[in-house]
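The values are calculated or read from the model by the stated rules, or taken from the named source; none is laboratory data. In this text, all values refer to a predicted model and were calculated from it rather than measured experimentally. Remember, those area values only see protein heavy atoms, side chains included, never the ligands or the DNA or RNA. Shrake-Rupley method; radii C 1.70, N 1.55, O 1.52, S 1.80 Å.
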Amino acid sequence: MSHTLGIRQAQKQKTRQALLDAALVLLEEQSLSSLGLREVTRAVGVAPTAFYRHFRSTADLGVALVEEALGSLHPMIRTTVSTSDDHTQRIQRAVELIAGHVDAYPAHVRFIARERHGGVQPVREAIREQLARFGQEVKDELAKDPVSVGWSDDDLLMLANLYVDQMLITASLFLEALEAPAEERERVCQVAERQMRLIGTGRQHWLD
């Protein structure tokens, strides 16, 4: 009996993932607010009623895509801003992380960029919650840095959110340069590193 349940559970998970993957492909050409569940189920080859065994609505599916796109990044973000290396190395590591993530998951990055200010409120809220978590995690790492002595929690969170916003901007630039020549991608790297260094320079003088 347990073996049969295991097979059913695996098949259910496979169908759920197929629905997510199909939706992501369809969302390359449209926004989530215009996506119909019949489009998604047709692409997977299942009946429309099967959709509701996995998601309550297309908005619920969108929230799952947000988790898939951003949820796995939290450990990497914490590692990126870790104070174990100097400021320049941290910036280089952050830009490399962003570039690698865009290369590996362009459809996810495009989905987040489009739906962050899109028309589906639960998805906007899910993205906002994920970004708030990133901000808090970056703040917690920045607080360990000796440079942060004397900083208030509010100012550290403000700084953390500046870095998170800059990472999002950098991801969008890498997305635009995905098919561009190597020189253009290198230019994006250089600009991103300089912009983060500028934030860091401001940080050093904030308490002045």
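The table that follows gives values for the structure above.
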read-out: The chain: angle of helix 121-142 to the longest principal axis, Cα-based, in degrees nearest 10; value: 30 degrees
read-out: Relative contact order (%) - criterion: Cα under 8 Å, at least six apart; region: the stretch 75-130; value: 20 percent
read-out: Residue-averaged 222 nm ellipticity for the chain, from DSSP H runs of 4+ at -39500 (n - 2.57), nearest 500; value: -24500 deg cm²/dmol
read-out: For the chain, accessible area per residue (1.4 Å probe, heavy atoms of protein chains only), Å²; value: 56 Å²
read-out: Between helix 87-104 and the chain: long-axis angle, C-alpha atoms, 0 to 90°, nearest 10; value: 20 degrees
read-out: Distance histogram in 10 Å bins (all Cα pairs of the stretch 1-114, percent per bin); value: 12, 35, 26, 17, 8, 1
read-out: Centre separation in Å (Cα based) which lies between the stretch 124-163 and the stretch 194-208; value: 15 Å
read-out: Integer Hz, Karplus 6.51/-1.76/1.60 couplings in order for the stretch 169-174, x for Gly and Pro; value: 4, 4, 4, 5, 5, 5
read-out: Relative contact order of the stretch 131-208, pairs being alpha-carbon contacts under 8 Å that are 6 or more residues apart, as %; value: 30 percent
read-out: The chain: angle of helix 2-26 to the longest principal axis, Cα-based, in degrees nearest 10; value: 70 degrees
read-out: Volume of the Cα convex hull of the stretch 139-208, divided per residue and given in Å³; value: 80 Å³
read-out: Gyration tensor (alpha-carbon) shape descriptor, the chain, a/c threshold 1.5; value: prolate
read-out: Probe 1.4 Å - accessible area at Arg185, Å² to nearest ten; value: 50 Å²
read-out: For the stretch 90-208: rounded, prolate or oblate by the Cα gyration tensor [a/c cutoff 1.5]; value: oblate
read-out: Gyration tensor verdict on the stretch 93-152 (Cα atoms; rounded if a/c is under 1.5, prolate if a/b is larger than b/c, oblate otherwise); value: oblate
read-out: Apportionment of accessible area to carbon and sulfur, the stretch 8-85, percent (1.4 Å); value: 51 percent
read-out: Value of relative contact order over the stretch 46-171, rounded to a whole percent, pairs C-alpha under 8 Å and six or more apart; value: 31 percent
